1. Filter the range B:35-60 for residues that are closer than 17 Å to residue B:308 by Cβ and small (Gly, Ala, Ser) and give the result.
2. Find the residue count for the range B:253-270, including only residues that are open to solvent by 30 Å² or more (accessible area, probe 1.4 Å) and over 12 Å from residue B:309 (Cα atoms).
3. Have a look at A:86, A:78 and point out the one that is of a type in the set (Asp, Glu), part of a helix (DSSP H, G or I) and facing chain B (nearest Cβ under 8 Å).
4. Please work out which residue is modelled with the lowest pLDDT, limiting yourself to the range A:207-260 and to residues that are assigned to a loop (DSSP other than H, G, I, E, B) and buried (at least 18 other Cβ atoms within 10 Å of the Cβ).
5. Criterion first (free of Cβ contacts under 8 Å to residues at least 60 places away in the same chain and either closer than 21 Å to residue B:202 by Cα or within 13 Å of ligand 2 (Cβ to nearest atom) (or both)) does residue B:3 satisfy it?
6. Criterion first (within 16 Å of ligand 1 (Cβ to nearest atom) and under 17 Å from residue B:157 (Cβ atoms)) does residue B:180 satisfy it?
7. Residues B:181, B:190, B:195, B:213: which one is within 16 Å of ligand 2 (Cβ to nearest atom), open to solvent by less than 10 Å² (accessible area, probe 1.4 Å) and of a type outside the set (Val, Ile, Thr)?
Amino acid sequence: MRQIINLLEHDFRNFFRYKWWLAGLISMNLADLFIMAIVYNRMLTPEITQQIKSYFNFFAPGLTVTGLFASAFMIGREVNMERRREIHQYMLSLPMSRWELAIGRVLSGGLRGMVYMSPLLATCFILVGFPSPAQFSIILLVLFFLAMGISGLSIAIAVSTSSLDKFITARGLVYYLLFFCSSVFYPFSLIQQLGQEGRFPMALVTFARINPLSNASDIIRSFLLGNPPFSLDMVVSVLVFSALFTFSAAFAYIKLIERA
Amino acid sequence: MPPIIRMENLTKKFGNFIAVDHLNLEVEEGEILGLLGPNGAGKTTTILMIATVIRPTEGTAYVGGYDVRKNPDKVRELLGVAFQEPKMLWVSTPWDIVNWHAKVCGLPTEERKRRVKEIMEALDMWNFRHRSVHALSGGMRKRVEIAKVLIQRPKIAIVDEPTSQIDIVGKHKIWRMLRELCNQGTTIILATNELYEADVLSDRVAIMHRGKLLVCDTPKKLKDSIVGGDVVEIQFETDPSPKMVEALNQFKEVVKIMKTKSSTLRLYLNKVEEIVPKIMGMLMKEGASVSSIHMSEPSLDDVFAHYTGLTLEEAQKEGG
Ligand SMILES: Nc1ncnc2c1ncn2[C@@H]1O[C@H](COP(=O)(O)OP(=O)(O)O)[C@@H](O)[C@H]1O
Ligand SMILES: [Mg+2]
């Protein structure tokens, strides 16, 4: 436990060293929000506009999740760099167990995501509306698990890619797959409709439904906007995905960094 | 007292290449064991296996009684490693690096602060402590790496080429600090390719070449053990002819002749004070033009050459 706290200290210190990078990211996020709000508001069909009222309100929770994704994913970049420059050998020589090391890294990646995301979430509450305390707890819990899952996923990718280029390419692929097939940018009902009309593969529609990014965004929306309706399945989906990623990542981290 | 580290057929293969080949070596508690060998001899690979960073392909090592394969967590509790290449993110600062290391190794707050300051000052790093590693010279980074272990004072310290890239004043300072660390009860493994460093610092030297252990003993015994213990180096103005080499070989005191550089012969022989005048006489009679003659006690290089037929410098080129 003591060593996990030490690892958190290590990774948070490095996180704040990239404060300009973070500021750049966050302003890109905000630019996305406004550009998309304007563009999409005009493109949306009347029925959808009726459903989601304002695209800004719809996208603000999505943006929170986007920010969480980008920042929790940053730990992978560091882990990848450590591996390339063989700094991982130092980590492996420290007096802590492999599990402490792996869990510590995944946890700090996730918590860094939570820290980065909190101003976005606050903006979202202020502009869209506030949840009840119980709803707020559920939102935090879900986002925390999601952050852990993303952090785990990024670490798993980081240790299995040899160069920074490959890591960034892989990050791009994951990003597009996860965001394209999700309700982060557009309502799930739209994806479903396209699927029924045969204009979107049904497998991807299913993926969008179980995608933890969709569910996390929709949980926030259901509390703040009342739509889509909240269901426990959403929470379960995030938990299952995150547990899966977290543990497979921790496992991959241990296995792969030891392979020499 | 049982040895604090025991390697049993310790082996590491990378694909088909055998980097460390069935190493059997013991380290006594409280000693400085030098691991001497040219680049590519397998020193770093050996160290990484002992530090549980990489897994042996075959064989194992016992550290403080714990098997590196079965109880790696216990092994790591005993160790501190100063790596050959400083292992640090370039955005961090020396102070953050050593302070965090001391924290992870469990030094109590007060002691940690005191020792961090003390060691950083002793290594002339205190003024640079808040610079980013990025802005530091190679030698300065190396000091940060070694500082970690000096602050930590582990039961077993492993230092891999601790003074490479460091100026001569700094080298002496670090050697003194390592000796002090040893006097305070830390067992030290010192990997190096510098003959002088191995000679002055080690209680015992293990010589490695191409993954194999050649010999291990105190520096003095190693040097004394060489047949033809004395060495004479003759530098000619032009390449000595084979006939000349043959003539030198005729002296019964001459044990072995090696060509070290293009026009230099190194003779291993006995009774140097009697034989050198005779050799001189012979060379003059043959009309050889000698530019210098140098006599010396055997060095660890001679020990290395005795076992491999190569000087360390030659082996270095081959390995690097
Ligand atoms: N990860 C690795 N993969 C392949 N070969 C390696 C690896 N690490 C070391 N080697 C090779 O093993 C040999 C021994 O290397 P090393 O232990 O670093 O030697 P030394 O520290 O004595 O210079 C070298 O030939 C080196 O190229
Ligand atoms: Mg080495």
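1. B:37, B:40, B:41, B:42
2. Of the residues in that region, 4 qualify.
3. Sole residue among the options that is of a type in the set (Asp, Glu), part of a helix (DSSP H, G or I) and facing chain B (nearest Cβ under 8 Å): A:78.
4. Here is the first cut: in the range A:207-260, the residues assigned to a loop (DSSP other than H, G, I, E, B) are A:211, A:225-231, A:259-260.
Filter once more, so that each one left must be buried (at least 18 other Cβ atoms within 10 Å of the Cβ): A:211, A:225, A:228.
Details: A:211: 90, A:225: 88, A:228: 85.
So the residue we want is A:228.
5. Details: free of Cβ contacts under 8 Å to residues at least 60 places away in the same chain: yes; either closer than 21 Å to residue B:202 by Cα or within 13 Å of ligand 2 (Cβ to nearest atom) (or both): yes.
In short, yes.
6. So residue B:180 does not fit the description; no.
7. Working: B:181 fails: within 16 Å of ligand 2 (Cβ to nearest atom); B:195 fails: open to solvent by less than 10 Å² (accessible area, probe 1.4 Å); B:213 fails: open to solvent by less than 10 Å² (accessible area, probe 1.4 Å).
Result of the check over B:181, B:190, B:195, B:213: B:190.
So that you can scan it fast, the table gives a plain yes or no per residue for (1) among the charged types (D, E, K, R); (2) open to solvent by 20 Å² or more (accessible area, probe 1.4 Å):
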{"site": "B:44", "(1), (2)": "no, yes"}
{"site": "B:52", "(1), (2)": "no, no"}
{"site": "B:58", "(1), (2)": "yes, yes"}
{"site": "B:70", "(1), (2)": "yes, yes"}
{"site": "B:87", "(1), (2)": "yes, no"}
{"site": "B:99", "(1), (2)": "no, no"}
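The values are calculated or read from the model by the stated rules, or taken from the named source; none is laboratory data. Note that the structure is predicted; figures quoted are calculated from it, not measured. Glycine gets a Cβ as well: all are built from the backbone with ideal geometry, and neighbour counts include every protein chain shown. Heads up: the accessible areas ignore ligands, DNA and RNA and are worked out on the full protein's heavy atoms, side chains in. Shrake-Rupley method; radii C 1.70, N 1.55, O 1.52, S 1.80 Å.
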